[in-house]
Structures are given as structure tokens and as C-alpha cells.
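The values are calculated or read from the model by the stated rules, or taken from the named source; none is laboratory data. All values reported here derive from a predicted model rather than from experimental measurement. Cβ placement follows ideal geometry from the backbone for every residue including glycine, while neighbour counts extend to all protein chains displayed. When the accessible area is computed, the model is the full protein with side chains, heavy atoms only, and any ligands, DNA or RNA have been set aside. Shrake-Rupley method; radii C 1.70, N 1.55, O 1.52, S 1.80 Å.
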Amino acid sequence: MQDSVYLGTEKVGRLLGKFALPCIFSLIISCLYNIVDQIFVGNGVGYLGNAILGSFLGGVVIIAIGYTWGDGLLQLIGATGQNLSLAHDCGFIIYAMMPLALVQNTLASIIRAEGSPQYAMGAMLVGAVLNIIGDPVAIFVLDMGIKGAAWATILGQFVSFLICAAYLARSKTFRICGGSFKPRGKLLRQVMALGASSFLTQLSIVVITVINLWAGLGRPSPL
């Protein structure tokens with residue numbers, strides 16, 4: 001029982017040292033990788049249409065894995081019997097937004113690389129504000145509980161996606177057409193090679209987070 005309330009009883013300073021510092025370090029590295037990736041994207045926008053397509057298809061794969069694996073995936077990343085039902089209610093709503101959420105992140109990187117970082121920041125800021133406002137409304141006013149928080153999250157993500165997608169019509173250096181989304185194996189391989197460093201960085205963050213969660217619960221890591 002003591003292990004299950006570890007995060008609620010341990011000293012804050014020790015928790016910050018054990019959980020926050022590794023995550024902060026990982027995020028700093030992730031930002032550096034993203035900056036480098038954006039520089040190369042800026043010099044190779046010919047990959048743009050397939051980069052967007054690849055992100056969308058990646059989201060579809062996540063949906064398939066999430067819904068097929070079900071609660072097993074949630075348990076792997078730290079959900080327990082005490083919070084599994086909450087994670088299920090939240091996760092199964094969040095999964096549905098994955099394709100557009102990944103496309104939004106890809107578009108934001110492309111927009112920054114093209115020289116409009118303020119636009120990308122504004123798109124993400126609008127989504128964050130909607131999420132901040134939507135959470136208390138959905139949870140307390142509409143009495144939707146954890147599902148309300150999930151719906152508020154994907155609402156913010158969807159609006160950010162729409163704002164980023166609208167930028168395509170005013171791009172300075174490229175134009176999107178129907179043919180841009182035709183899968184091309186060579187281009188997809190180049191896009192995947194370019195994004196491999198970011199993928200591995202993000203994956204390392206997930207691994208660190210899962211290990212920390214399982215350590216906090218006093219359980220052997222599944223990884």
C-alpha cells in the first residue's frame with residue numbers, strides 16, 4: 001500500500017530529482033533534435049507531401065495498436081488496477097485524434113522551418129488555451145469526468161491542426177496539390193531517415209517515463 005501512494009507521500013524535492021530532472025534533460029535533447037530536423041526540412045521541402053502522409057499513416061498505426069492491444073498497452077506504460085479504468089476512458093478517446101495530431105506536429109515543424117515560427121507557436125497556443133478552458137468546463141460544468149478532459153484535449157489538438165493546415169494556402173515556398181499525397185517509397189524512406197533521430201529521442205522519453213513510473217510503484221520494469 002505504501003508503494004501505491006509513493007507519489008503522494010514522498011518528499012517533493014526527492015520526487016523532483018527522481019522524476020523531473022531526467023524528463024527535463026530528455027526534453028532539452030528532443031528540442032535540439034527537432035531544431036536540426038527543421039533545418040534539413042527547410043532545405044528539402046520536396047519531401048513535404050509524403051512527410052504529411054507518413055505522419056497521418058503513423059497515426060493510423062497507433063490507432064490500430066491502441067484499440068487492438070487495449071488495456072494491455074495502458075498497463076505496459078504504467079496503468080494499474082486503481083487507475084486503469086480512468087486511463088481506458090481517457091486513452092480510447094485520445095487515440096482517435098492521433099493521425100491529425102501527428103500531422104499537426106509535422107506541419108508545425110514545417111512552418112517553423114519555412115520561417116514562420118510565430119505562426120506555429122500561435123497555433124499551438126490556441127490549442128493549449130482551448131484545452132485549459134475546456135478542461136474545467138467539461139469536467140465540472142458538464143460533469144463528464146476524465147472523458148471530458150480527453151475531449152477537451154482533442155478539441156485543442158484539432159483546432160491547432162486546422163490552423164496549421166490553413167497555413168498551406170499561404171506558404172511562401174511550396175504549394176500542396178493532390179499529387180503531393182501520392183505515396184512514393186523513395187521519398188518516404190528519406191523522410192523516415194530524417195525523422196529517425198526525433199523518433200528515437202521521443203521513444204527514449206517514453207522509456208524513461210515508464211521506468212520511473214514502475215520504479216515509483218515498486219514494481220519491476222516491463223522494459
Open item on the list: For region 151-188, which positions are of a type outside the set (S, T, Y), over 20 Å from A128 (Cα atoms) and at pLDDT 75 or above?
Closed with: L168, A169, R170
Open item on the list: Here is a check on your reading of the model: is I63 surrounded by 20 or more Cβ atoms within 10 Å (Cβ to Cβ) and assigned to a helix (DSSP H, G or I)?
Closed with: no
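Tell me which residues, restricted to region 143-174, are part of a loop (DSSP other than H, G, I, E, B) and either farther than 17 Å from L86 by Cβ or open to solvent by less than 60 Å² (accessible area, probe 1.4 Å) (or both).
Looking only at region 143-174, we keep the residues that are part of a loop (DSSP other than H, G, I, E, B), and these are 143-144, 171-174.
S171, K172, T173, F174, listed by residue number.
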Open item on the list: Looking at the structure I just gave you, is R219 surrounded by fewer than 17 Cβ atoms within 10 Å (Cβ to Cβ), under 30 Å from E114 (Cα atoms), modelled with pLDDT under 85 and of a type in the set (K, R)?
Closed with: no
Task: Selected residue (criterion: modelled with the lowest pLDDT) from residues of region 42-60 that are open to solvent by 60 Å² or more (accessible area, probe 1.4 Å) and assigned to a helix (DSSP H, G or I) - done: G46
TODO: Could you check how many residues of region 197-216 are open to solvent by less than 40 Å² (accessible area, probe 1.4 Å), modelled with pLDDT of 70 or more and of a type in the set (A, V, I, L, M, F, W, C)?
DONE: 2
